[in-house]
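Report on one structure; see the data block that follows.
Please treat every number below as a calculation from the coordinates, not as lab data. Quantities reported herein were computed from a predicted structural model and do not represent experimental measurements. In this analysis, Cβ positions are derived from the backbone assuming ideal geometry, glycine residues included, and neighbour counts consider all displayed protein chains.
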Amino acid sequence: MAIEGPLHDIGIHDVFQLLDLARKSGRLRVRSQVRNNEGDVHFQSGAVVHATMRNNPHTLGALLRSAGKVTDAELAAASDAQSGGDVRRLGEILIAHGAVSRRDVERYMKQQIETVVFDLFSWKEGTFSFTDQGVDSAGFDAAIRVSTESLLMEGARRIDEWSRMADRIPDAHVVPHLAAIVHGSESFIDLRPGEWEVLALIDGQNTLLDIASSLAVSEFEVAKTVYGMISTELIEVGGRTRSVA
């Protein structure tokens, strides 16, 4: 079965649900010219076994490093091994080098899938295409299988949460900027490291999408962070920097 079409005719959630119900195996590719981005999701009997994104890549290495599981030096050594002809996947090399456990690799590979898929769930524009193909010999870890039903349930929860933020943040194309300082007011800013990272990229030009891409995190996470800052009157949101038609 090969299916394709624009996302404004059939939502990405409906596509995932169809592939889950039909227990399909193959590759789903989603493209967006507005975002200058595309994602690939591989299915095996309806379950998701692999997912990648071209821009704003939620790679296994980036997730392991962000979680403090590996160092830059360990990632560089694994990358050098691949460049030198080692055909093993990054996770297998890191395990062989003793940098990380197999359990951690499997955990963060599943997180990689979830992060990419949840990002794709927020796309309202673009096109999709699905092609039947076997994935048994595609080199994916047989232990990694994420239930599409669970992804759809969590995706629906995030959509519901985003709808509660829609009064301030209708989508990821809005531009946040620092709120004006009220004369004579004093305040103490107490932010977590991830919030400081977002705040550092708020310059009155970057959209939430730009910030998410720079930090290699999901638009949803950036939106939640920005919404919290709006609630504390630290920042405000203005217009958009690009068309979303």
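A few notes on this one:
- The amide H of Ile235, built 1.01 Å from its N in the peptide plane, has Ala179, Ile230 as neighbours under 5 Å, considering only residues 5 or more places off or on other chains.
- Listed residues Thr225, Thr59, Thr207, most fluctuating in the chain (Gaussian network, C-alpha, under 10 Å): Thr225
- When each of Thr115, Thr127 is scored by the number of other beta-carbon atoms lying within 10 Å, the sequence from fewest to most is Thr127, Thr115.
- Estimated dipole of segment 3-162 in Debye, rounded to 20 [Cβ of Lys and Arg +1, of Asp and Glu -1, Cα centre]: 160
- Relative to the dominant Cα principal axis of the chain, helix 72-83 is inclined by about 40°.
- The long axis of helix 219-231 is offset from the longest Cα principal axis of the chain by roughly 20 degrees.
- Close amide H pairs (under 5 Å, H built 1.01 Å from N) link Val175 with Gly238, Gly239, residues at least 5 positions away or on another chain.
- Each residue of segment 5-20 was assigned a 3J(HN,Hα) from its phi angle through the Karplus expression (A = 6.51, B = -1.76, C = 1.60, θ = phi - 60°), giving x, x, 6, 7, 8, 9, x, 4, 4, 5, 5, 4, 5, 4, 5, 5 Hz with x at Gly and Pro.
- 11 Å beta-carbon shell around Ile12, net charge (K/R +1, D/E -1): -2
- In order along segment 168-176, the Karplus-derived 3J(HN,Hα) couplings, from 6.51 cos²θ - 1.76 cosθ + 1.60 at θ = phi - 60°, round to 10, 10, x, 6, 7, 9, 6, 10, x Hz, and Gly and Pro are given as x.
- On Cα atoms only, tilt of 102-121 relative to the major axis of the chain in degrees: 60
- Amide proton proximity set for Ser122, modelled H, under 5 Å, gap of 5+: none
- The overall shape of segment 166-240 is prolate: from the C-alpha gyration tensor, with semi-axes ordered a ≥ b ≥ c, the ratio a/c is 1.5 or greater and a/b exceeds b/c.
- Cα gyration tensor shape for the chain, rounded if a/c is under 1.5, else prolate or oblate: oblate
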